[in-house]
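Structure first, then comments.
Readers should treat all values here as calculations from the given coordinates under stated rules, not as data from a laboratory. Worth saying up front: this structure is predicted, and the values here are computed from it rather than measured. Note that we place each Cβ from the backbone using ideal geometry, even for glycine, and neighbour counts take in every protein chain shown.
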Amino acid sequence: MDVIDFHVHIGEPRHYPPGIVDYLREESPEFYARWDEFNKPAVLAQFLREQGVRYAVLLAQVTPPIGVMIPNEYVAEYCSGIEMFLPFCSVNPRVHPDPARELERLVRGFGFRGLKLYPPYQHYYPNAPEVYPLYAKAADLGIPVMVHTGSSVFQGSRIKYGDPVYLDDVAVDFPELTLLIVHSGRGFWYDAAFFLARLHRNVYMEVAGLPPKRLPVYFPELERNADKIIFGSDWPTPPGRIRENIEAIQRLPLQASSIEKILYRNAERLLFGRG
């Protein structure tokens, strides 16, 4: 079965603050030992293929409050020439003076396939007025928007901005915009994430960072939402290796068609317009 990993982080140690570098050393020692290797796109591509991944979404991150700055240009160059890499840009309405214009520049000029917002790391509510021009432009460009929700352990984050309920306004006001609830409200708001994905045609749950075997616990009616769930690994952070997570999802008590949707078909539809 082909797999699309909708949530992969890249970047060099210089892009992260010392606290997060230490976190990666402790929580992802295998990655940390090979960090220099993974800074080479061909090495990461081969690693992902070995893990069973056909396509991977690679993420930029402009989040000064937590000290993580992975430039859009860096991600675009990293992905250049590797067909399996699909770059998503980061536009911060508190940093970029004209966010909508910046988004259009990145999509049209660098080939970004989507946008990721980080409200807990950029310090705004997802339905704040200053973010609406970004949603409007993303809808105009026909690209999906990932929105980080739920908890975080990183210093400088504000969890209150991670409540997915604020995306209800966005889904209503931009019915043609595809929204992904990243981490599905991890920790506090699983029910809200599930309900919003059931309620709105344009809203999806992305389950990166959640232990796959716990998904039926977090979402007791998981299969009812099989058309709206997207797999992501959150590599290089836990839980588990990518292949182990894929195999854990394949072992869930779900129909084969539902597993295929979660691991590939739903993401294929959003990224390529098919499936």
* Please give the net charge around residue 120, taking every other residue with its beta carbon less than 9 angstrom from that of residue 120, where Lys and Arg add +1 and Asp and Glu add -1. => +2
* Coordinate range along principal axes, alpha carbons of segment 9-110, Å, largest first -> 40, 33, 17
* Structure fact -> Rounded to the nearest 0.05, FRET efficiency between residue 214 and residue 26 (Cβ-Cβ, R0 22 Å) equals 0.50
* Asked: In deg cm²/dmol, rounded to 500, what helix-only [θ] at 222 nm does the chain give when every DSSP H run of at least 4 residues adds -39500 (n - 2.57) and the total is split over its residues?
  -> -10000 deg cm²/dmol
* Structure fact -> Inter-part gap, Cα centre of segment 69-92 to Cα centre of segment 214-254, in whole angstrom, is 25
* Only loop residues by DSSP count here, and only those with at most 11 other Cβ atoms within 10 Å; note down the GluC sites (Glu not before Pro) in segment 8-86 that meet that. => 83
* To do: May I ask you to derive the relative contact order of segment 224-275, considering only C-alpha pairs under 8 Å and at least 6 residues apart, and to give it as an integer percent?
  => 47
* Structure fact -> Quick calc, residue 269 & residue 165: beta-carbon distance into FRET formula, R0 25 Å, rounding 0.05, result 0.50
* Report the trypsin sites (Lys or Arg not before Pro) located in segment 218-270 that are in a DSSP loop and have at most 11 other Cβ atoms inside 10 Å of their Cβ, or state none. => 251
* What is the percent of Cα-Cα separations in the chain that go past 32 Å? -> 15
* For segment 145-275, what's the relative contact order in percent, using C-alpha pairs closer than 8 Å and at least 6 residues apart? -> 19
* Relative contact order (%) - segment 4-272, alpha-carbon pairs under 8 angstrom, separation at least six -> 17
* Asked: Kirkwood hydrodynamic radius (Cα pairs, Å) of segment 132-275?
  -> 15.5
